[in-house]
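Heads up, the thing below is written out as structure tokens.
The values are calculated or read from the model by the stated rules, or taken from the named source; none is laboratory data. Note that this is a predicted model, so its numbers are computed, not measured. Because the Cβ atoms are built from the backbone with ideal geometry, glycine has one as well, and the counts that use them run over all protein chains shown.
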Amino acid sequence: MRIAHIIIIHKNMAQLDRLIESLRHPESDFYVHVDAKVPASEFQHLLKLPQVTFLDHRIQCNWGGFSILKAIFNVIDAVVNSGKEYGFINLMSGQDYPIQSTQHIYDFMLSHQGKTFISYETSSDSHWWKKAFHRYEKYHLTDFKMKGKYLIERVLNKITPARKFPGYTTLYGGNKSTWWTIDWECAVHINKVFQEDTKLQNFLKLCWGTDEFVIPTLIMNSPFKKNVINNSLRYIDWSEGNASPKVLGIGDFNTIQKSGMLYARKFDQDIDAAILNKIDGAILSVTQPTDINH
């Protein structure tokens, strides 16, 4: 069984190199999308890394824009059409990091073949969703470059009724939903649905934060729903109440170690490299039991 690690990155190429090396395993490959805003010169030294494929067609990703989801699906599509078959596709950002040994991660996935790991909340009964409906009910011009676009947004949202999400009545998502580990057959299915549904894609171009709710919605409205475990296998700290999760540092080490997860985010070695050094030296040398019920 092989694992395809998808990595979406927009900065810190040195940290990308470190992430790939920390995940390297004989049965793993890496598919990397570097934001088009990043000059090619910044990652030229990484292009010849073994088992690594860099996407040639790069998208300029805007925070909250449909462009991020489009980039993710471009990489999923590249994996699906790579000519290889994987047991799992694992989506990470360049600021994620494993907190278990690569062999432990591989053995865990081998023992859970056919399962999909993604965190989600349901649109019918979720505190997160109460603040998230505007993401698709309102018009968002995040990916558009035009003068006065915020004025246009305000006018559109003042004079038009709430938009209705096409095709699905129950939606799934949350602030831990973007990053996941998906079974191969499930990934093939959602890629086909997304790539063929031009109506959905056109609708999503005017939404915000689609990376946090579209993929779990596609999965949970599919035959693969029965194989989903509501756990992304990632430790993420949203305790600061900001729009982005806490940047983890050396003071978070004990909590990370006790989390029972496979991965954690987010890290920035320019802010605190000591935490990554300590993970490499301590956690990765001693396997922690993985708690999928966490």
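I'd like the full set of residues that are under 19 Å from the mean Cα position of the chain (by Cα) and not in a helix (DSSP H, G or I), limited to the range 195-216. Walk me through it before giving the result.
The initial filter retains those residues of the range 195-216 that are under 19 Å from the mean Cα position of the chain (by Cα), namely 195, 201, 204-205, 207-216.
Those that are under 19 Å from the mean Cα position of the chain (by Cα) and not in a helix (DSSP H, G or I): Lys205, Cys207, Trp208, Gly209, Phe213.
Would you be able to tell me the number of residues in the range 18-55 that are among the charged types (D, E, K, R), in a loop (DSSP other than H, G, I, E, B) and under 17 Å from Ile105 (Cα atoms)? Don't jump to the end; show me each part of the working.
Filtering the range 18-55 for residues among the charged types (D, E, K, R) gives 18, 21, 24, 27, 29, 35, 37, 42, 48.
With in a loop (DSSP other than H, G, I, E, B) added as a condition, the list becomes 24, 27, 35, 37, 48.
Still in the running and under 17 Å from Ile105 (Cα atoms): 24, 27.
Total satisfying the criteria: 2.
What are the residues in the range 152-171 that are assigned to a helix (DSSP H, G or I) and surrounded by 14 or more Cβ atoms within 10 Å (Cβ to Cβ), if any? Walk me through it before giving the result.
Taking the range 152-171 first, the residues assigned to a helix (DSSP H, G or I) are 152-159.
Hits for the range 152-171 are Ile152, Glu153, Leu156, Asn157.
I need the full set of residues from the range 83-99 which are of a type outside the set (Phe, Trp, Tyr) and under 14 Å from Asn191 (Cβ atoms), in order please.
Of the residues in the range 83-99, the ones of a type outside the set (Phe, Trp, Tyr) are 83-85, 87, 89-96, 98-99.
Selection gives Glu85, Ile89, Leu91.
Restricting to the range 75-94, give me the number of residues that are assigned to a loop (DSSP other than H, G, I, E, B) and farther than 18 Å from Lys192 by Cα.
Within the range 75-94, the subset assigned to a loop (DSSP other than H, G, I, E, B) is 81-87, 94.
Remaining after also requiring farther than 18 Å from Lys192 by Cα: 94.
Number satisfying all stated conditions: 1.
Identify, from the list Gln44, Gln60, Gln51, the residue that is over 30 Å from Lys149 (Cβ atoms), surrounded by fewer than 18 Cβ atoms within 10 Å (Cβ to Cβ) and touching an Asp or Glu at 6+ places or on another chain (Cβ under 7 Å). I'd like the intermediate steps shown before the answer.
On the way: Gln44 fails: touching an Asp or Glu at 6+ places or on another chain (Cβ under 7 Å); Gln60 fails: over 30 Å from Lys149 (Cβ atoms).
Of the residues listed, the single one that is over 30 Å from Lys149 (Cβ atoms), surrounded by fewer than 18 Cβ atoms within 10 Å (Cβ to Cβ) and touching an Asp or Glu at 6+ places or on another chain (Cβ under 7 Å) is Gln51.
Quick one: count up the residues across the range 34-85 that are of a type in the set (Lys, Arg) and within 14 Å of Thr210 (Cβ to Cβ). Even if it seems obvious, please write down each step before you answer.
First, the residues of the range 34-85 that are of a type in the set (Lys, Arg): 37, 48, 58, 70, 84.
Checking the rest, the ones that are also within 14 Å of Thr210 (Cβ to Cβ) come to 70.
The total comes to 1.
State whether one or more residues within the range 70-86 are in contact (Cβ under 8 Å) with a residue 24 or more places away in the chain, under 25 Å from Asp268 (Cα atoms), small (Gly, Ala, Ser) and surrounded by fewer than 22 Cβ atoms within 10 Å (Cβ to Cβ).
So far as the range 70-86 goes, no, none of its residues is in contact (Cβ under 8 Å) with a residue 24 or more places away in the chain, under 25 Å from Asp268 (Cα atoms), small (Gly, Ala, Ser) and surrounded by fewer than 22 Cβ atoms within 10 Å (Cβ to Cβ).
Among the residues of the range 161-169, is there at least one that is modelled with pLDDT under 95 and either charged (D, E, K, R) or farther than 19 Å from Phe66 by Cα (or both)?
yes
Of the residues His25, His33, which single one is closer than 20 Å to Ile89 by Cα and crowded, with 17+ Cβ neighbours inside 10 Å? Outline the logic, then answer.
Details: His25 fails: crowded, with 17+ Cβ neighbours inside 10 Å.
After ruling out the rest, the residue left standing is His33.
With respect to Ile219, is the statement that it is over 22 Å from the mean Cα position of the chain (by Cα), surrounded by 15 or more Cβ atoms within 10 Å (Cβ to Cβ) and β-branched (Val, Ile, Thr) true? Full working, then the answer.
Numbers: over 22 Å from the mean Cα position of the chain (by Cα): no; surrounded by 15 or more Cβ atoms within 10 Å (Cβ to Cβ): yes; β-branched (Val, Ile, Thr): yes.
In short, no.
Quickly run through the range 248-282 and pick out the residues that are in contact (Cβ under 8 Å) with a residue 40 or more places away in the chain, assigned to a loop (DSSP other than H, G, I, E, B) and either surrounded by 12 or more Cβ atoms within 10 Å (Cβ to Cβ) or not acidic (Asp, Glu) (or both). First the steps, then the outcome.
From the range 248-282, those in contact (Cβ under 8 Å) with a residue 40 or more places away in the chain are 256-257, 259, 261-270, 276, 279-280; that's our starting set.
Subsequent filtering for residues that are assigned to a loop (DSSP other than H, G, I, E, B) retains 259, 261-262, 266-270.
Within the range 248-282, Ser259, Met261, Leu262, Lys266, Phe267, Asp268, Gln269 meet the criteria.
I want to confirm something. Restricting to the range 244-255 and keeping residues that are closer than 17 Å to Trp179 by Cα and of a type outside the set (Val, Ile, Thr), which single residue is modelled with the lowest pLDDT? Outline the logic, then answer.
Quick first cut of the range 244-255, residues closer than 17 Å to Trp179 by Cα only: 244-248.
Now restrict to residues that are of a type outside the set (Val, Ile, Thr): 244-246, 248.
On the way: Ser244: 90, Pro245: 94, Lys246: 95, Leu248: 96.
Across the range 244-255, the extreme among qualifying residues is Ser244.
Residues checked against (1) touching a Cys at 6+ places or on another chain (Cβ under 9 Å); (2) under 23 Å from Ala187 (Cβ atoms); (3) in a loop (DSSP other than H, G, I, E, B); (4) among the hydrophobic types (A, V, I, L, M, F, W, C):
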site: Cys61; (1), (2), (3), (4): no, yes, yes, yes
site: Phe73; (1), (2), (3), (4): no, yes, no, yes
site: Tyr106; (1), (2), (3), (4): no, yes, no, no
site: Ser119; (1), (2), (3), (4): no, yes, yes, no
site: Trp128; (1), (2), (3), (4): no, no, no, yes
site: Tyr150; (1), (2), (3), (4): no, no, no, no
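With (1) at positive phi; (2) surrounded by fewer than 16 Cβ atoms within 10 Å (Cβ to Cβ) as the list, and Gly174 as the residue in question, which single condition is left unmet?
It fails just one condition, (2).
May I ask you to list the residues in the range 121-139 that are in contact with a helix residue (DSSP H, G or I) (Cβ under 7 Å, 6 or more places away or on another chain) and under 19 Å from Ala162 (Cα atoms)? Can you show your working first?
Quick first cut of the range 121-139, residues in contact with a helix residue (DSSP H, G or I) (Cβ under 7 Å, 6 or more places away or on another chain) only: 121, 123, 138-139.
Scanning the range 121-139 gives Ser123, Lys138, Tyr139.
Kindly establish whether Asn254 is farther than 27 Å from Tyr86 by Cβ and polar (S, T, N, Q). Give the steps one after another, and end with the answer.
Working: farther than 27 Å from Tyr86 by Cβ: yes; polar (S, T, N, Q): yes.
Spelling it out, Asn254 is indeed farther than 27 Å from Tyr86 by Cβ and polar (S, T, N, Q).
If Lys192 meets every condition in (1) at pLDDT 95 or above; (2) assigned to a loop (DSSP other than H, G, I, E, B) apart from one, which number is that one?
Here Lys192 meets the rest and fails (2).
Please work out which residue is farthest from Leu19 (Cα to Cα), limiting yourself to the range 256-288 and to residues that are among the hydroxyl-bearing types (Ser, Thr, Tyr) and modelled with pLDDT under 95. Working first, answer last.
Keep residues of the range 256-288 that are among the hydroxyl-bearing types (Ser, Thr, Tyr), which gives 259, 263, 285, 287.
Restricting the remaining residues to those that are modelled with pLDDT under 95 gives 259, 285, 287.
Details: Ser259: 20, Ser285: 16, Thr287: 18 Å.
This residue is Ser259.
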